[in-house]
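Have a look at the structure below, then the notes.
Every number here is computed from the coordinates shown, using simple stated rules; none is lab data. Just so we're clear, the structure is a prediction, and the values are computed from it rather than from any experiment. Cβ: placed from backbone, ideal geometry, glycine included. Neighbour counts: every protein chain shown.
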Amino acid sequence: MATSDTPLLPHGGYRNLRSYRVAEAVYDATVVFCRRFFPHDRRLTDQMVQAARSGVRNISEASGAAATSRKTELKLTNVARASLNDELLADYESFLGQNGLRLWPKESRQALAMRDRLSHDRLDDLPPAPAGTVRLTGLAGLADFVGKAAPEIAGNAMVCAVHQAAYLLKRQIESQGRAFVRDGGFTENLYRQRQQARLKAATESPERSDRSDRSDRSDRSDKSDKSDRSGAAAQP
């Protein structure tokens with residue numbers, strides 16, 4: 001993170017963002033999902049994994065870019081959201097539709113329960129799952145879950161996870177936009193730092209300004225003396 005004695009804007013710390021953790025879980029689970037359900041479709045696998053990877057990497061790049069460019073931070077965060085919400089999500093919904101599987105309504109009991117599980121990093125206090133069933137044990141267990149759950153459940157789990165990541169990124173973009181409008185960007189911050197440094201220097205060493213003034217007066221008197229001498233020499 002930036003400190004008060006640097007012109008760099010606050011940046012870094014992306015690993016602490018909830019949006020990053022969810023996007024990272026989506027990326028890891030997408031790799032497992034594609035290996036399981038698209039073992040022979042290399043092109044679709046590459047597209048889905050790349051979209052998931054873009055979601056993760058653009059969050060981290062945006063965090064680093066924030067040091068010198070709020071505009072770039074906003075742009076990259078929006079790219080992360082678009083990769084997940086506009087590309088990867090459509091692929092998971094297509095998987096369900098093309099295989100005759102049900103897409104859970106947003107407010108259905110199953111979707112609400114899945115979103116609740118995903119809102120926790122881990123759920124270590126859950127009782128053992130009944131024999132023959134697979135249970136999601138939190139965000140950290142998403143990849144393992146989609147590797148074992150029934151196709152409809154695995155697909156809908158990924159839909160819910162992508163929705164959650166996209167929602168968090170939407171809120172992040174809105175927050176970044178408000179901060180940009182309120183505080184400005186790198187140029188404005190650099191200007192403030194320079195003004196503060198000049199004010200501090202003037203406050204701590206006012207005699208420098210006095211010497212500068214005397215020097216200016218001396219220069220003017222020298223010019224006046226030269227003019228006087230020139231005039232005197234010209235007189236008969």
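Strictly greater than 22 Å: what percent of every Cα pair in the stretch 10-99 meets that? Tail of P(r) above 22 Å: 30 percent of Cα pairs. Across the cross-link table entries Lys71/Lys170; Lys71/Lys106; Lys148/Lys170, which are compared at the Cα atoms, the separations over 24 Å belong to Lys71/Lys106; Lys148/Lys170.
Solvent-free Debye calculation, one equal scatterer per alpha-carbon of the stretch 14-184: log10 I(q)/I(0) at 0.08, 0.10, 0.14, 0.20 Å⁻¹ equals -0.25, -0.39, -0.72, -1.29.
For Ala90 and Arg178, a Förster radius of 25 Å and the Cβ-Cβ distance give a FRET efficiency of 0.25, rounded to the nearest 0.05. For trypsin sites (Lys or Arg not before Pro), the sites in the stretch 87-181 that DSSP calls loop and that have at most 12 other Cβ atoms within 10 Å are Arg102, Lys106, Arg122.
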